[in-house]
2 protein chains.
Amino acid sequence: MSTVKQAGGRPRESRVDHALAEAVRALLSEHGYASLTVDAVAARAGVSKAAIYRRYATKEEMTFAVLVHDLREEPPADTGSLRGDLTALAARIGDQIGRSAADVMTGLLADVRADAALGARFAATYLAVERSVIATLLDRAVTRGELPERPDSPVVHALLLGPLFTWPIVLGEDPDRIPKLAPVVARIVADALIAGALPPAAQDGLSGGS
Amino acid sequence: MSTVKQAGGRPRESRVDHALAEAVRALLSEHGYASLTVDAVAARAGVSKAAIYRRYATKEEMTFAVLVHDLREEPPADTGSLRGDLTALAARIGDQIGRSAADVMTGLLADVRADAALGARFAATYLAVERSVIATLLDRAVTRGELPERPDSPVVHALLLGPLFTWPIVLGEDPDRIPKLAPVVARIVADALIAGALPPAAQDGLSGGS
């Protein structure tokens with residue numbers, strides 16, 4: 001498990017990161033999200049609270065980084081087509097969502113949305129990383145000539161993430177079915193983009209001003 | 001504001017319902033979701049707690065019914081096409097999401113997902129109503145000959161609701177842009193269904209057993 005503030009990856013740091021990740025997962029499994037505290041994670045992992053706060057500013061960032069993804073998320077390898085790239089990304093997003101319990105994801109989201117400063121930080125870090133991955137895939141499609149211009153990344157983000165997030169977490173459907181849902185969503189989004197269903201970012205007024 | 005248990009709509013009941021809805025909205029606006037209690041709503045509305053519990057089993061059901069929709073949600077009028085029907089439904093869903101603060105929606109969702117009994121009840125009531133509305137629209141499209149069979153309603157539900165829910169609540173994007181996003185989502189879903197992107201419910205293994 002890599003960290004937010006650490007760019008290198010020294011062995012000693014990795015052991016702490018691993019211990020933190022194991023502690024977070026164990027405590028969530030045993031007691032749920034509401035009871036999770038930085039104190040309890042520090043005690044379980046056998047590290048100081050300072051070691052945790054050197055990595056993560058808040059309990060929420062620690063939980064998201066351990067369960068979903070950290071700040072070093074890379075674009076999936078170029079598959080040669082927009083549909084292939086979006087399928088790879090949807091599989092990854094589906095896996096991230098499917099392995100986290102719905103009560104943990106909703107508790108975390110409620111914390112983030114109840115605190116404007118936390119929400120702004122979340123947007124500037126984890127969401128920005130995901131947005132950048134999507135922009136990279138769209139730019140590849142423009143370079144290949146599959147798309148005339150880059151469509152609005154936030155809208156593509158919502159189209160891809162939305163059904164996969166909603167399936168287990170809002171609708172309470174079986175997370176084990178996400179691996180079958182993910183390629184369906186990816187195909188629908190890729191086909192829609194190639195068919196020109198979204199206007200380019202500069203003109204659509206969806207994510208720009210207007 | 002109509003209610004869960006009341007089928008009629010007697011004037012005295014309607015006044016209580018209206019007072020409850022006003023009280024819920026005012027308290028959420030002033031103090032947020034975490035502080036909302038049935039006691040506070042009863043006091044603010046000038047009704048007994050018993051009057052609330054005659055209508056709603058829990059605080060969460062009361063909040064959802066007031067803010068999003070009650071159990072008497074009807075399918076939108078037949079527009080003559082699947083795309084038209086889904087556009088009407090997406091506009092309604094977008095309106096329901098857009099008028100509720102993200103912290104209220106996420107707090108409510110966290111409560112529902114933290115309690116299995118509450119989650120099951122939510123699925124059997126409010127989600128079932130939405131699912132039934134979607135099935136009605138899909139059956140109309142089958143009758144018109146736009147679709148050969150009814151596609152899997154839960155998947156269509158996730159495709160339609162997912163991006164609209166995700167936009168303000170997960171991604172923190174501007175809810176004022178939902179009215180422009182909703183028809184884009186509806187068109188993408190309608191086109192995908194008509195193009196056969198989803199196998200019929202009986203065969204796809206997404207929402208069935210398999």
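Computed from the coordinates by the stated procedures, all read-outs in this text should not be read as laboratory data. A quick note: this is a predicted structure, and the numbers were derived from the prediction, not measured. Every residue, glycine among them, receives a Cβ derived from its backbone with ideal geometry; neighbour counts consider all protein chains shown.
Here are the numbers for the structure shown:
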{"item": "Shortest-first nm distances, B:GLU22 label point to equivalent points in other copies (7 Å, Cα→Cβ)", "result": "6.0"}
{"item": "For the range A:116-183, convex hull volume per residue from C-alpha positions, Å³", "result": "109 Å³"}
{"item": "Teacher prompt: A:ARG72 distances to equivalent labels in other copies, 7 Å Cα→Cβ, nm", "result": "5.8"}
{"item": "Residue-averaged [θ]222 nm for chain A, counting only DSSP H segments that reach four residues, each worth -39500 (n - 2.57)", "result": "-20000 deg cm²/dmol"}
{"item": "Top of B:ALA77, B:ALA135, B:ALA91 by mean-square fluctuation, Gaussian network on chain B, Cα under 10 Å", "result": "B:ALA77"}
{"item": "Using θ = phi - 60° and Karplus 6.51 cos²θ - 1.76 cosθ + 1.60, couplings along the range B:34-44 (whole Hz; Gly, Pro as x)", "result": "4, 8, 5, 10, 5, 4, 5, 5, 4, 5, 5"}
{"item": "As computed over the range B:11-66, the Cα convex hull volume per residue (Å³)", "result": "66 Å³"}
{"item": "Global geometry of the range B:70-194, whether rounded, prolate or oblate, following the gyration tensor of its Cα atoms and the 1.5 cut on a/c", "result": "oblate"}
{"item": "Chain lengthening between A:ASP39 and A:ARG54 when straightened (0.36 nm per residue, less Cα-Cα)", "result": "4.0 nm"}
{"item": "Neighbour-count ranking [beta-carbon atoms within 10 angstrom, fewest first] of B:SER29, B:SER100, A:SER132", "result": "B:SER29, A:SER132, B:SER100"}
{"item": "Average silhouette area of the protein assembly as shown, convex hull of alpha-carbon atoms, in square nanometres", "result": "22.0 nm²"}
{"item": "Residues B:THR136 and A:ASP174, FRET efficiency given R0 of 22 Å [Cβ-Cβ distance, rounded to 0.05]", "result": "0.40"}
{"item": "Ranked list, fewest to most other Cβ atoms within 10 Å of each Cβ, for A:ARG144, A:ARG54", "result": "A:ARG144, A:ARG54"}
{"item": "Cα gyration tensor shape of chain B, rounded if a/c is under 1.5, else prolate or oblate by comparing a/b with b/c", "result": "prolate"}
{"item": "C-alpha center-to-center spacing [the range B:32-82, the range A:43-63] in angstrom", "result": "39 Å"}
{"item": "Pseudo-label separations to other copies for A:SER35 - Cα-to-Cβ vector, 7 Å, nm", "result": "2.9"}
{"item": "Phi to ³J(HN,Hα) by Karplus 6.51 cos²θ - 1.76 cosθ + 1.60 over the range B:21-32, Hz, x for Gly, Pro", "result": "4, 4, 5, 4, 4, 5, 5, 5, 5, 7, 10, x"}
{"item": "Shielding score for A:166-179, defined as the mean number of other chain Cβ atoms within 10 Å", "result": "6"}
{"item": "Karplus-derived HN-Hα couplings along the range A:95-109 (A = 6.51, B = -1.76, C = 1.60, θ = phi - 60°), whole Hz, x at Gly and Pro", "result": "5, 4, 6, x, 8, 10, 5, 4, 5, 5, 4, 6, x, 4, 5"}
{"item": "Summed residue charge, Cβ within 9 Å of A:ARG140's Cβ, Lys/Arg positive, Asp/Glu negative", "result": "-3"}
{"item": "Net charge of neighbours whose Cβ lies under 12 Å from the Cβ of B:ARG25, counting Lys and Arg as +1 and Asp and Glu as -1", "result": "0"}
{"item": "Label-to-label distance, nm, for residues given as A:ALA195 and A:SER29 (7 Å Cα→Cβ offset)", "result": "4.4 nm"}
